[in-house]
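Right, one structure below, let's go through it.
The values are calculated or read from the model by the stated rules, or taken from the named source; none is laboratory data. A quick note: this is a predicted structure, and the numbers were derived from the prediction, not measured. Here the Cβ positions follow ideal geometry from the backbone for every residue, glycine too, while neighbour counts run over all protein chains shown. Areas reflect the complete protein model, heavy atoms only, side chains present, ligands, DNA and RNA absent. Shrake-Rupley method; radii C 1.70, N 1.55, O 1.52, S 1.80 Å.
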Amino acid sequence: MKRELKITADGSSTLYIPELDENYHSDHGALQEAMHVFIENGLNTIESDQISVFEMGFGTGLNALLTSIQSKKLQKHISYVGIEAFPVSAEHISEINYIELVGEEHAVDFQQMHQSNWNEKITINHNFDFTKIHEKIEDYSIPKNEFDLIYFDAFGPRAQTSMWEISILEKMHKGLKPGGMLVTYCAQGQFKRNLKSLGFEVIPLPGPPGKREMTKGVKK
């Protein structure tokens, strides 16, 4: 799958896939979008000092990087699992400018994430354990009632319809603890109806720059 480097409106990098006509992140700002959707409206709303996170779509590692940074700021222990069927090449990762924006002190952590073995849990820092799974979500058996928070960061429904179907969302529901949350940039009507049909409480929230709305789903 061909990928092209792009710079978004906030100066942060993303990748563009011509085959899908889809970016990994918002043109309006990759860093801003990730902070708004996954950190501010996801991670930062959890009171517990022990948090387990599942990311649907590890991609460039931006969400994992920001979560590891936040684990240090909040002094909370985070166990992070990201799944990715089509890993980004080391060449593209070397071109991405996240470290220039968040600080060189996080460079080693970011390198560890990308250089670590797939399907092997490692410790990035004393607040952050990390595992990346090289598998299609369709084939992955998600642990039941395991996660406090899911970052649902698959490509959008237009580009990758199968990722937003009931069968995938059922897995997300299964993996969350009761009271656990799923957060995503997507606010599509059918997606929200699917969440409701599975027993999620659906909470519309103001979106990141360039989007009117995002979605939080809470497992009842």
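Between the alpha-carbon centres of the range 115-182 and the range 1-46 there is a gap of 18 Å.
Computed over the chain, the range of Cα coordinates on each principal axis works out to 43, 39, 33 Å, biggest value leading.
Close amide-amide hydrogen proximity is noted between residue 147 and 176, 177, each under 5 Å apart and 5 or more residues distant or on a separate chain (H modeled in the peptide plane; Pro and chain starts excluded). In this structure the chain gives 44 Å² per residue of accessible area when probed at 1.4 Å with all protein chains present. Taken about its Cα centre, the chain carries a charge dipole of about 880 debye when Lys and Arg each add +1 at the Cβ and Asp and Glu each add -1 at the Cβ. For the range 99-220, the Kirkwood radius over C-alpha pairs fed into Stokes-Einstein at 4 °C and 1.567 mPa s yields D = 80 µm² per second.
Taking every protein chain into account, the 1.4 Å probe leaves residue 201 with about 90 Å² of accessible area, to the nearest ten.
Applying the Karplus relation 6.51 cos²θ - 1.76 cosθ + 1.60 with θ = phi - 60° to the range 152-163 yields 3J(HN,Hα) values of 9, 10, 6, 4, x, x, 5, 8, 9, 3, 4, 6 Hz, where x marks Gly and Pro. Each peptide in 32-39, 110-117 was scored by the mean count of other Cβ atoms within 10 Å over its residues; highest first, the order is 32-39, 110-117. Solvent-accessible area of the chain (1.4 angstrom probe, protein heavy atoms only): carbon and sulfur portion equals 48 percent.
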